[in-house]
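The structure under discussion appears below in the form of structure tokens.
The values are calculated or read from the model by the stated rules, or taken from the named source; none is laboratory data. Since this is a predicted model, take the numbers as computed values, not measurements. Here Cβ is always computed from backbone atoms with ideal geometry, including for glycine, and neighbour counts include all displayed protein chains. What goes into the accessible areas is simple: the full protein's heavy atoms, side chains included, and nothing from ligands, DNA or RNA. Shrake-Rupley method; radii C 1.70, N 1.55, O 1.52, S 1.80 Å.
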Amino acid sequence: MPQPRVHIALTAAFLLGAAHHAHAIRVRHDVPISAYNELARQSHLSAVGFVGAGNMGCSGTLIAPNLVLTAAHCVVKDDGSQVRTRDVYFRIDLPNGRSHRFRAERVDVHPDYNPNGGGIDVALVPLTEDVSVVEPLPVTTASPTGCIATLTGYGSQGTGNDPTSTTRLRGADRRFAAQNVVDRLRNDCCVAGNTMLHMDFDQPSNARRSSFGSAEPLPLEGGASFGDSGSPLIVDFNGRPYVVGVASYIYGIGRPGPGGYGEVTGYQWTGSGPVEFWLTMLGVDLVHDPDLVPDPEEVEGDEGSAPGDVDSNGVTDGRDAALLLQRLRAGDARADLNEDGQTDARDAAALLSALGIDRSVYTKRRLFNRAVRAYFRAEVEPFMTGATRRDLRRAERLLRQAWRHFPR
């Protein structure tokens, strides 16, 4: 029998009942709290803030100057209705003790989220203004399996042995951080193509309190808890931090209540097909291959990116075509590849030219249409996971319309 999953948002009642312990992340009982607190002071973790949504308290990540990534169940009530936008806010706590609060402009919940379980637990919160006090964290679709990841959030903090054993902290110190190994990718039972990341909280003195993977805990091993919902799972690729997951639920064999040794945290993987497609449709710049992102020194001396490189990963391919088509459909100004101030089939023509599909190669329209059809189905459609047949037909038709915009 599958073990029950527990969403990890804090309700108002829980906040009031445990206010003197409302910090974040369960930690090892045999490691000083100060070590975890020091880990949380890494500058890039300042992009992780508190998400208030009505009577719920969660965590979230600034992934663009005015965009917060969090869990869907943080902004959806038990009855399935969405929390009113005016009741949603995002708070950044800086190491200097100052806090900045930002209002939500709207709330976007993944259409496949199911408040009864088994759905895609991710949401975006566009803000009414840009956040300039911290740098956003980039999001990648790369697989983090086997990597050491950092988890951080505003949940209820304690140890694997005693969930209420820590002292109260203030300001940015309310946000704790720990590390864990991403043990596995696991297909969700109810949504095709949806994948979760799983990791368990290993106990240092009892290998039997390990659900899977290595039973050897990391020096700063930890697990998520109530209030950490929506918080990021962060992995370093090529020396840079990237968001790879969003905290969703806890289940397992640990102590009663979330956070004990042996329990498992489930993170919604940002590389999961339906998640990747939805984030891209809403204009999120996803990094597909962090190893291809050049160092800042290389960018400074670069003479320019490759023509048609929409996702800025150094190459022009089917991902760029898929992203461009999604942005064109949304009227996103970033789709203006030819820089004429408009987003239309002319931009699709610019991309196809960069791919070598234009009138200089295919002199007859029927040959061009045939080439576009073959390219779209083989190279573009695989990156449009979750699109309806109607969406796919419209996208392919837009590429064909580029014909009349090529130089004769």
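Here are the numbers for this structure:
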quantity: Residue check for D188: open to solvent by 10 Å² or more (accessible area, probe 1.4 Å), free of Cβ contacts under 8 Å to residues at least 40 places away in the same chain and in contact with a strand residue (DSSP E or B) (Cβ under 9 Å, 6 or more places away or on another chain); calculated: no
quantity: Evaluation of P111 against (1) of a type outside the set (D, E); (2) over 21 Å from the mean Cα position of the chain (by Cα); (3) loosely packed, with under 15 Cβ neighbours inside 10 Å (one fails), failing number; calculated: (2)
quantity: Residue check for D391: within 30 Å of Y113 (Cβ to Cβ) and modelled with pLDDT of 80 or more; calculated: yes
quantity: Filter result (acidic (D, E) and in a loop (DSSP other than H, G, I, E, B)) within region 193-246; calculated: D202, E216, D228
quantity: Unmet requirement for V31, which otherwise passes all of (1) part of a strand (DSSP E or B); (2) open to solvent by less than 50 Å² (accessible area, probe 1.4 Å); calculated: (1)
quantity: Which numbered condition R103 fails, given (1) among the charged types (D, E, K, R); (2) touching a strand residue (DSSP E or B) at 6+ places or on another chain (Cβ under 9 Å); (3) part of a loop (DSSP other than H, G, I, E, B); (4) in contact (Cβ under 8 Å) with a residue 24 or more places away in the chain; calculated: (3)
quantity: Residues that are modelled with pLDDT under 90, buried (at least 24 other Cβ atoms within 10 Å of the Cβ) and not in a strand (DSSP E or B), drawn from region 255-282; calculated: P258, G259, G260, Y261
quantity: Every residue from region 354-405 that is surrounded by fewer than 17 Cβ atoms within 10 Å (Cβ to Cβ), among the hydrophobic types (A, V, I, L, M, F, W, C) and touching a Phe, Trp or Tyr at 6+ places or on another chain (Cβ under 9 Å); calculated: V361, L392
quantity: Residue count, region 313-326 (criterion: crowded, with 20+ Cβ neighbours inside 10 Å and within 13 Å of L399 (Cα to Cα)); calculated: 7
quantity: Selection count, region 78-95, where residues are part of a loop (DSSP other than H, G, I, E, B) and in contact (Cβ under 8 Å) with a residue 60 or more places away in the chain; calculated: 2
quantity: Residues of region 227-251 classified as under 20 Å from P115 (Cα atoms) and crowded, with 24+ Cβ neighbours inside 10 Å, total; calculated: 10
quantity: Some residue of region 353-364 being touching a helix residue (DSSP H, G or I) at 6+ places or on another chain (Cβ under 6 Å), in a helix (DSSP H, G or I) and not aromatic (F, W, Y); calculated: no
quantity: Residue within region 120-128 that is surrounded by fewer than 16 Cβ atoms within 10 Å (Cβ to Cβ) and modelled with pLDDT of 95 or more present; calculated: yes
quantity: Residue list for region 191-207, filter: touching a Pro at 6+ places or on another chain (Cβ under 6 Å) and surrounded by fewer than 20 Cβ atoms within 10 Å (Cβ to Cβ); calculated: G193, P204
quantity: Test: residue in region 175-184 that is modelled with pLDDT of 90 or more, farther than 30 Å from I92 by Cβ and within 24 Å of the chain's Cα centre (by Cα); calculated: yes
quantity: Among residues of region 117-131, those that are at negative phi, of a type in the set (G, A, S) and part of a loop (DSSP other than H, G, I, E, B), counted; calculated: 1
quantity: Test: residue in region 91-107 that is at pLDDT 95 or above, surrounded by 14 or more Cβ atoms within 10 Å (Cβ to Cβ), within 16 Å of the chain's Cα centre (by Cα) and within 20 Å of W269 (Cβ to Cβ); calculated: no
quantity: Residues of region 305-355 satisfying the condition of being β-branched (V, I, T) and in contact (Cβ under 8 Å) with a residue 24 or more places away in the chain; calculated: V310, T316
quantity: Failed condition for D236, given (1) more than 28 Å from A330 (Cβ to Cβ); (2) at pLDDT 90 or above; (3) touching a helix residue (DSSP H, G or I) at 6+ places or on another chain (Cβ under 7 Å); calculated: (3)
